[in-house]
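Only one structure is covered here, and it is reproduced in the block below.
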Amino acid sequence: RENALLFSKLTNFPLDYVYADPDASCYKALHLYSGFLASSKQVHPYVKLLGMLVGAGSDGTIPRVISGYVGDRSRTISSWAEPTIKKLLPDPRLFDILGTNYTRPFELATVRLQNMIDILPNWKQLAPEKEELLIQQGGTLVIDSYDKKILYAHRDSGILVYADVETAISIALQQKPKRLNQVSLPERQPES
């Protein structure tokens, strides 16, 4: 719980949307990748994490690391990255020298560096209490809770291998909102 509170505070992410899962039961139910050598008790979790950082049991990690330094013409960094880049550079438009409408060399690496600067001083408080969960990978799902269907699923296969956020948002926004009269909502109980 304390980890979730600190995460919310450091990222300004609304606490109402933070789900703390100290046993990874949700991850297991969603069949998310538990990480390199997850079932091995003989290998320390930090050794497993180091292995994943260099690509062992972490499909796609090395190409993603490299793209952070050389750029990626198939992807763009949206405006979400500008506040992070501004923490390190006075003007994020400095990357425009290298062109626009794609992830420029060192642009993503700059975002990752700022994330590390923010996280490392708080690593002990942010890391899961159960060290074996250090290597647990996540995912992105867009769920139609009315029809109880998964509309989009991406299960991370390694470190830095995330869903395309714009794709997930686009799919979520394509859905027509359900009318409140179509949904049976529980009656609100008066507060005592």
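Over 21 Å between Cα atoms, which of LYS9/LYS124; LYS9/LYS48; LYS9/LYS149 qualify? All intermediate terms of the calculation are to be shown ahead of the outcome.
Numbers: LYS9/LYS124 15 Å; LYS9/LYS48 29 Å; LYS9/LYS149 32 Å.
Beyond 21 Å: LYS9/LYS48; LYS9/LYS149.
For segment 88-97, in order, what is each residue's ³J(HN,Hα) by Karplus, 6.51 cos²θ - 1.76 cosθ + 1.60 with θ = phi - 60°, in whole Hz (x at glycine and Pro)?
Result, rounded to whole Hz: 9, 10, x, 9, x, 6, 4, 5, 5, 4.
Please express the Cα-Cα pair-distance distribution P(r) of segment 1-82 as a list of whole percents, one per 10 Å bin, running from 0 to the bin with the greatest distance.
The calculated distribution, bin by bin, is 14, 27, 41, 18, 0.
Can you tell me the alpha carbon radius of gyration of the chain divided by the globular rule-of-thumb value 2.2 N^0.38 Å?
1.20
Would you mind working out the magnitude of the charge dipole of segment 3-121 relative to its Cα centre, with +1 at each Lys and Arg C-beta and -1 at each Asp and Glu C-beta, to the nearest 20 Debye? Each step should come with its number before you reach the end.
On the way: 12 positive and 10 negative charges, 43 e Å.
In total the dipole reaches around 200 debye.
For the chain, what does the accessible surface come to per residue with a 1.4 Å probe? Please give it in Å². Mind showing how you got there, number by number?
Values: 13760 Å² over 192 residues.
Solvent-accessible surface per residue comes out at 72 Å².
Using a 1.4 Å probe on the protein heavy atoms, what percent of the accessible area of the chain belongs to carbon and sulfur? Can you show the working numbers first?
Details: 7940 of 13760 Å².
The value for the chain is 58 percent carbon and sulfur by accessible area.
Using just the helices of the chain, give the 222 nm mean residue ellipticity in deg cm²/dmol: DSSP H runs with n ≥ 4 each add -39,500 (n - 2.57), and the total is spread over all residues, rounded to 500. Intermediate results must be reported in sequence, preceding the final value.
Numbers: 8 runs with 66 residues, N = 192.
That comes out to -9500 deg cm²/dmol.
Report the extension gain between ASP91 and ASP144 in nm, rounded to one decimal, defined as 0.36 nm multiplied by the number of residues separating them, less their alpha carbon distance.
Numbers: separation 53, 0.36 × 53 = 19.08 nm, distance 3.96 nm.
So the chain would gain 15.1 nm between ASP91 and ASP144.
Taking Cα pairs under 8 Å and at least six residues apart, what relative contact order does segment 60-181 come out at, in percent? Don't skip to the answer; put the middle values down first.
Numbers: 122 pairs, mean separation 29.6, N = 122.
Worked out over segment 60-181, it gives 24 percent.
The values are calculated or read from the model by the stated rules, or taken from the named source; none is laboratory data. All figures in this text were calculated on a predicted structure; none of them were measured in a lab. Every residue, glycine as well, gets a Cβ built from its backbone with ideal geometry; the counts of neighbours run over all protein chains shown. The accessibility values were calculated without ligands, DNA or RNA, using every heavy atom of the protein model including side chains. Shrake-Rupley method; radii C 1.70, N 1.55, O 1.52, S 1.80 Å.
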